[in-house]
Amino acid sequence: MALYFGTKALSKFDTLLQRGNYSKLFILCDENTHEDCLPSFLQHFPNLPPLEILEIEAGEESKSLSVLEQLWHSLSELEADRHSLILNLGGGVISDLGGFMAATYMRGIAFVNFPTSLLAMVDASVGAKTGINFGPFKNRIGAFADAQLIGIVPEFLETLSDQELLSGWAEMLKHGFIASPQHFQEIQDLDRTRPLPTLAHIKASVAIKEKIVKNDPRELGERKILNFGHTFGHALESYSHLQEAPLSHGHCVALGMIVALDISVKEAGFASAEAKKLQHFLGEAYSWPSFDLDRDAIFKLVSGDKKNRSNSINMVLLKSMGEAVYNCEVEFESIWESYKNLVNEAD
Ligand code: GLY
């Protein structure tokens, strides 16, 4: 994986531009990254190829077929060809959507990711997953496609709100849960109202993901553990959008991890007292939504999860801190019961 940090990332991108002889550079951004990140970013590159900016509206709603179609039209009208390069400058929506746009236009053109959100730095932009949401389901349509380069520039974190940092923090905690109690401890100690990690924290978190992805790039086995907290989390995230009260991805994953810890106690032998402490910690930083969940709607969303096989719901559970197991068949009733109990306890 061509993954670089800080000034090295910028100089590697410059080298790529000089050597690549690209016909055009297309920068995909949203209104926030256009204003807050693009001007400072461009200053590093005095010799750019002809440049076009593709701006989409910030937010998960843009990760859709209709926005993708508009982008394909724009690429065609602006004469993107196979020698063009796409630069995805933004959070997870931009790297997922932009990566898929690049992977599908003319059967695939080159792209690079410069993630600007913490979530995209430690998760979305790393590991070649690209795609869009479809119907009520997250990331239902997509492809694995490798970026030419992933550049992580921590200065972008200063542009983020507390909520955005909290969203990325959940994925960093997840890396600790599934692979490293020590990483969990370090990340847990960040300020829980504005968790701003150091570059060393980000490198450690990304290294956990990179190692897992290297062993199983196409998620046939071990990579599934990166979905810890996502079975319930993705369903909750989709549901919150249907309710027009959107919760961030990381917030939903954090609540999904609270549920998954409960099921890990019931079904994977995770120590109950430790789970309670961890659930309490997560619950202090990430609150349950104010709206009630509809059982049937959540059932449909959980049943539609990509990790499932035939009729069984397959979850990632923990045996202990740092020891995750995947393909654990769980009854929906068990998930729903955990959710109900946890929400009642939190009230
Ligand atoms: N976000 C989970 C993965 O990349 O596999």
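The values are calculated or read from the model by the stated rules, or taken from the named source; none is laboratory data. Keep in mind that this is a model prediction, so the values were computed, not measured. Reconstructed Cβ throughout: ideal geometry from the backbone, glycine too, with neighbour counts over all protein chains shown. Just so you know, the surface numbers come from the protein's heavy atoms only, side chains and all, with ligands and any DNA or RNA stripped out. Shrake-Rupley method; radii C 1.70, N 1.55, O 1.52, S 1.80 Å.
Looking at the range 26-140, the DSSP beta bridges with both ends there are about 5 percent antiparallel.
On a 0 to 90° scale, report how tilted helix 249-268 is relative to the longest principal axis of the chain, with both axes built from alpha carbons and the result rounded to the nearest 10. Helix 249-268 sits roughly 40 degrees off the main axis of the chain. The three principal axes of the Cα atoms in the range 99-211 give end-to-end lengths of 46, 30, 29 Å, sorted in falling order. The mean sequence distance of close C-alpha pairs (under 8 Å, at least 6 residues apart), as a share of the length of the chain, puts its relative contact order at 14 percent. Sorting 123-136, 223-236 by average packing, meaning the other beta carbons within 10 Å per residue, from highest down gives 223-236, 123-136.
Just the protein heavy atoms count here, and of the accessible area of the range 3-81 at 1.4 Å, carbon and sulfur take up 46 percent. To the nearest 10 degrees, how steeply does helix 162-179 sit against the main Cα axis of the chain, on a 0 to 90 scale? Here the helix axis deviates by roughly 70 degrees. Expressed in Å, the radius of gyration and Dmax of the Cα atoms of the chain are 19.8, 60. Using just its DSSP H runs of length 4 or more, each adding -39500 (n - 2.57), the chain gives a mean residue ellipticity at 222 nm of -15000 deg cm²/dmol after division by all residues.
Taking the Cα centre of the chain as origin and assigning +1 to Lys and Arg Cβ atoms and -1 to Asp and Glu Cβ atoms, the resulting dipole is close to 1360 debye. Tally Lys and Arg at +1 and Asp and Glu at -1 over the other residues with C-beta under 14 Å from the C-beta of Ser64: what net charge comes out? Here the count lands on -3. Relative contact order of the range 62-219, please, whole-number percent, based on alpha carbon pairs below 8 angstrom and at least 6 residues apart. Result for the range 62-219 is 20 percent.
Around the amide H of Thr116, modelled in the peptide plane, lie the amide H atoms of Gly90, Gly91, all under 5 Å away and 5 or more residues distant in sequence or on another chain. Each peptide in 316-323, 340-347 receives the mean, over its residues, of other Cβ atoms within 10 Å, and ordering these scores from highest gives 316-323, 340-347.
Per residue, the range 8-79 exposes an accessible area of 55 Å² to a 1.4 Å probe, with every protein chain left in place. Summing charges over neighbours of Arg192, with a neighbour being any other residue whose Cβ is under 11 Å away from its Cβ, gives -3 when K and R count +1 and D and E count -1. Any idea what angle helix 272-285 forms with the longest principal axis of the chain, computed on alpha-carbon atoms, 0 to 90 degrees, nearest 10? On a 0 to 90 degree scale, this one is about 50. For the range 149-249, the fraction of 1.4 Å probe accessible surface lying on carbon and sulfur atoms is 52 percent. Apply the a/c threshold of 1.5 to the C-alpha gyration tensor of the range 18-85 and tell me whether it is rounded, prolate or oblate. Because a/c hits 1.5 or more and a/b fails to exceed b/c, the range 18-85 counts as oblate. Is the range 200-347 best put as rounded, prolate or oblate by its Cα gyration tensor, with a ≥ b ≥ c the root eigenvalues, rounded for a/c under 1.5, and otherwise prolate when a/b is larger than b/c, oblate when not? Verdict is rounded for the range 200-347.
Pairs of Cα atoms nearer than 8 Å and 6+ residues apart set the relative contact order; for the range 1-143 it is 22 percent. For the peptides 216-222, 97-103, 241-247, residues were scored by their other Cβ atoms within 10 Å and the scores averaged per peptide; the highest-first order is 97-103, 241-247, 216-222. Looking at the square roots a ≥ b ≥ c of the eigenvalues of the Cα gyration tensor of the range 26-150, which shape do they give, rounded for a/c under 1.5, prolate if a/b is larger than b/c, or oblate? It is rounded, given that a/c, with a ≥ b ≥ c, falls under 1.5. Using a 1.4 angstrom probe, figure out how much accessible area the range 147-300 has per residue, in square angstrom, rounded to the nearest whole. Per-residue accessible area for the range 147-300 comes out at 41 Å².
Projecting the Cα positions of Leu25, Ser40, Ile150 onto the charge dipole of the chain (unit charges on Cβ atoms of Lys, Arg, Asp and Glu, taken about the Cα centre) puts Ile150 furthest along the positive direction. Taking a straight Cα-Cα cut-off under 18 Å and skipping sequence neighbours fewer than 8 places away in the same chain, the aspartates and glutamates within cross-link reach of Lys209 are Asp96, Asp123, Asp146, Glu171, Glu186, Glu219, Glu222, Glu323. For Val265, the shell of other residues with beta-carbons less than 13 Å away shows a net charge of 0, using +1 for Lys and Arg and -1 for Asp and Glu.
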